[in-house]
Amino acid sequence: MSTIAERAWLPYLHARPTAQVIRFAPPPDAVSAETSMAAREPNLFPLHEQLNRIGLLQRNWDGYGSARPDQTAIESTRQLIEGAYRSIAPLIGWQNPHASASEDGEIVLEWSHGIKRLTIYVGPHQSTYVKSWGPHLVNEMEDGPLPDDWVVSLWAWLFVG
Amino acid sequence: MTLQSKRYKSAPITEAVIEIRLQPPAPPDLSTLEGLAKSLEKDFPKQSPMQFVQVSVTAPPSVDQAPSQTLSHAKIGFRLAKADDSRVLQLRRDGLAYSHLAPYTEWAVFRAEAEPLWQKYRAAHLDAKPTRCALRYINQINIPEIPAEIEDYFALYPKISDKLPQQDTVAMTLSLQMPQRDLECMAVINQNQVEAPKPGHLSFVLDVDISRVGIENWSDSEIWAFLDKLRDRKNEIFEACITDRTRELIDQ
């Protein structure tokens with residue numbers, strides 16, 4: 001039987017029909033394998049689900065008086081990530097960030113690669129970043145407003161070099 | 001009722017996209033798109049610029065040196081969304097994409113909303129020729145049992161050789177590019193296992209994108225008539241990829 005479980009358990013025991021591959025070459029002029037640009041890419045579904053969960057949090061969600069996550073910031077986060085994914089994924093691949101909320105109601109996105117770490121705080125009106133490449137708080141850390149070209153200047157820094 | 005016209009009570013469509021591309025203007029001009037976006041502000045109050053990363057590769061001065069890569073970003077258009085996020089409109093230099101997010105209504109509604117938006121976009125780009133038209137339907141099917149027999153729910157699934165020393169996988173991704181000869185177009189079918197939105201469920205994405213290029217001499221009416229055909233083909237493909245067990249799930 002072909003069972004699939006939480007860890008994708010797929011023991012196929014019976015012969016299955018196979019695909020007939022008709023060529024391995026660029027398709028003819030009238031067809032293209034390029035996909036259309038969706039508003040929410042399926043590879044980002046887990047992140048959107050996490051943002052949905054964050055959006056349901058109420059004030060004092062952590063028991064320490066934290067603000068309710070800002071709904072505008074959640075929408076801005078969705079757009080920020082969709083734009084970055086479309087730009088980066090076809091070129092150098094993609095890694096979904098860890099998403100959470102800050103005590104001020106911002107959305108916090110975190111990526112790490114080796115000792116490098118990038119954290120983006122998405123607020124309703126402004127977004128900021130912190131990047132670090134070691135434990136020293138002064139010499140190995142930089143922060144500031146999130147630049148327009150952050151995908152190039154920050155995310156690619158993290159994963160490309 | 002034929003299979004391709006079946007309407008389900010809980011259609012698993014998370015997003016439907018109509019995309020029509022044009023030859024982008026040279027040099028790039030975003031002011032036209034900005035004006036168009038502004039004219040649609042009442043219906044689409046959420047607006048933000050869309051950016052794209054470009055890679056430039058510079059040839060090395062000598063053969064023993066590696067080529068250098070430069071990343072840069074460029075604005076390609078604007079992303080507009082309704083206040084409730086039910087619809088998203090991408091106004092790009094190279095065309096328009098209109099997305100109907102969940103809950104899906106029906107093709108007639110979706111098409112009727114998209115066509116006037118296209119006409120406005122087209123009016124602002126009268127000299128540009130259309131290059132590609134496409135329909136993409138992204139479905140997320142949640143199976144309420146773990147473990148499950150995948151062939152109980154899908155007629156399309158990967159075959160894993162029983163000779164492989166281990167049968168376990170930690171993710172499933174299937175991607176097919178299938179020319180549709182009768183329509184002279186391409187269907188790209190992607191099927192992935194994704195994180196389930198609810199505990200005790202398995203979740204799969206069935207993503208069907210059908211597109212046609214080489215439409216430079218088509219009129220608008222020809223494009224929209226063809227999109228109707230693509231919609232029928234999309235339904236045929238979807239029905240061919242699922243089983244009755246899934247039909248029961250999405251018709252409750």
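Observations, loosely collected:
- Only residues that are surrounded by 23 or more Cβ atoms within 10 Å (Cβ to Cβ) and farther than 20 Å from B:G35 by Cβ were counted across the range B:84-103, and they come to 2.
- Wholly enclosed strands (runs of 3 or more DSSP E) of the range A:48-161 bearing at least 3 residues β-branched (V, I, T) and surrounded by 15 or more Cβ atoms within 10 Å (Cβ to Cβ): A:116-122
- If you go through the range A:50-88 and keep only what is aliphatic (A, V, I, L, M) and more than 24 Å from A:W150 (Cα to Cα), you end up with A:L56, A:L57, A:A67.
- Subset tally (residues that are under 30 Å from B:F226 (Cα atoms) and either more than 9 Å from chain A (Cβ to nearest Cβ) or assigned to a loop (DSSP other than H, G, I, E, B) (or both)) for the range B:153-177: 7
- Test: A:L137 is within 13 Å of chain B (Cβ to nearest Cβ), among the hydrophobic types (A, V, I, L, M, F, W, C) and free of Cβ contacts under 8 Å to residues at least 24 places away in the same chain: no
- Qualifying residue in the range B:23-34 (condition: under 18 Å from A:M37 (Cβ atoms), modelled with pLDDT of 95 or more and not in a strand (DSSP E or B)): no
- Residues located in the range B:181-193, provided they are within 17 Å of the chain's Cα centre (by Cα) and more than 8 Å from every other protein chain (Cβ to nearest Cβ): B:A187, B:I189, B:Q191
- A count restricted to the range B:150-165 and to residues that are at pLDDT below 85 and surrounded by fewer than 16 Cβ atoms within 10 Å (Cβ to Cβ) stands at 1.
- Among the residues of the range B:182-193, those identified as surrounded by 21 or more Cβ atoms within 10 Å (Cβ to Cβ) and either outside any strand (DSSP E or B) or not polar (S, T, N, Q) (or both) are B:C185, B:M186, B:A187, B:V188.
The values are calculated or read from the model by the stated rules, or taken from the named source; none is laboratory data. For clarity, every value in this text was computed on a predicted model and none was experimentally measured. Please note: Cβ atoms are built from the backbone with ideal geometry, for glycine as well, and neighbour counts cover all protein chains shown.
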